[in-house]
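The values are calculated or read from the model by the stated rules, or taken from the named source; none is laboratory data. Nothing here was measured: the structure is a model prediction, and the numbers come from that model. Because the Cβ atoms are built from the backbone with ideal geometry, glycine has one as well, and the counts that use them run over all protein chains shown.
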Amino acid sequence: MAKSPPTSRRPLPGTAAPDEVARFSALAEEWWDADGKFRPLHRINPLRIAFIRDRVAGHFDRDPLGADPLGDLEVLDIGCGGGLLSEPMRRLGAQVTGIDAGQEAVRVAALHAEQGELDIEYRSVLPEALAADGRTFDAVLNMEVIEHVADVGAFLTACCAMVKPGGIMVLATLNRTLKSFALAKVGAEYVLRWLPAGTHDWRKFVKPSELAAGLRPHGLRVVELKGLAYRPLADEWSLSDDVDVNYMAVAVKR
C-alpha cells in the first residue's frame, strides 16, 4: 500500500516557492480528473511514460517492452503531484518514491495509490532534505518542476546528488523563447484556457543550455533532447526535434 508520513502545516523552506506550492495545493483534488485543470498533463502523460520507460530501460539494458522493464530499479519522482507518473512507474516494476512540496498533493497521491493497491512511498519533503538523508536512486524523474522552484541552482544540486553513479535523470521543462511565451504562456493560459492563468512565469523557463550547464558540475551530462509537439486536429502530443517550447532531456551520471 502507498505510504506517506503524517503531514504538517508548517511551510517548507528552501527551494520551494510558496506561491507555487499554494497554487498547486489549491488544485490538489483535481489531479486525477482527466477533464479538469490537469487535463493537459493527462493528455501528454502517455508520451511522457513511454519516453521515460524507453530511456530508463535502455540505459540499464532492459527490454522496454518486456515484462517489468523497470523491475527492481529505484526511481524518484520529484514534484510527483497526485502521482500521475509515480503510479505508471510502479506498474512498470520500479520501486518508486514520490516527493512533493505540497502536502495536499501527497495526500491525494497516497490515497489514489492505496485504492489501486500500489506500493509507493510518498513524502511531503523537498529534494534538498531527502538528499541530506543520503537517499540515492537509479533513476530520478524531474518533470515539469524546475520552472516552478525558487532557486534553480540549489534545486539541481540536490536532485543530482540523489542520482546514483551510473544512474539517469529524465527532465521536462519549458524553453525560454519568444515562441514559448506566445504558445505556452499566452496561448495555453489566456487563449486556449488549458491552464489556469498564472500557472507559469515565463521568466523562470529554462533554456537547454542553462539546464546542461546546471547539471554538468554535478557529474551529469545531457545525452538527448527532444521537443514535444501538439497536433490540434488529432488532439495528441508527439516527439519532435523542435525544442523551442516544451522539451524533455535525458542526462546520465558518470
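For segment 200-211, check the following and say yes or no: at least one residue is surrounded by fewer than 17 Cβ atoms within 10 Å (Cβ to Cβ), modelled with pLDDT of 95 or more and acidic (Asp, Glu). Within segment 200-211, one or more residues are surrounded by fewer than 17 Cβ atoms within 10 Å (Cβ to Cβ), modelled with pLDDT of 95 or more and acidic (Asp, Glu).
Checked against (1) at pLDDT 95 or above; (2) surrounded by 15 or more Cβ atoms within 10 Å (Cβ to Cβ); (3) among the small types (Gly, Ala, Ser); (4) under 21 Å from residue 160 (Cα atoms), residue 58 meets all criteria but (2). Residue check: is residue 234 under 29 Å from residue 162 (Cα atoms), more than 17 Å from the chain's Cα centre (by Cα) and surrounded by fewer than 19 Cβ atoms within 10 Å (Cβ to Cβ)? No: the conditions fail for residue 234. Within segment 45-95, the residues that satisfy the criterion of being free of Cβ contacts under 8 Å to residues at least 60 places away in the same chain, of a type in the set (A, V, I, L, M) and outside any loop (DSSP other than H, G, I, E, B) are 49, 50, 57, 89. Every condition in (1) in a loop (DSSP other than H, G, I, E, B); (2) out of contact with any strand residue (DSSP E or B) (no Cβ under 6 Å at 6 or more places or on another chain) holds for residue 153 except the one numbered (1).
Checking every residue in segment 32-41 against the condition of being at positive phi and in contact (Cβ under 8 Å) with a residue 12 or more places away in the chain gives zero matches. In this structure, is residue 230 modelled with pLDDT of 95 or more, among the aromatic types (Phe, Trp, Tyr) and in a strand (DSSP E or B)? Taking the combined requirement at face value, the residue does not satisfy it.
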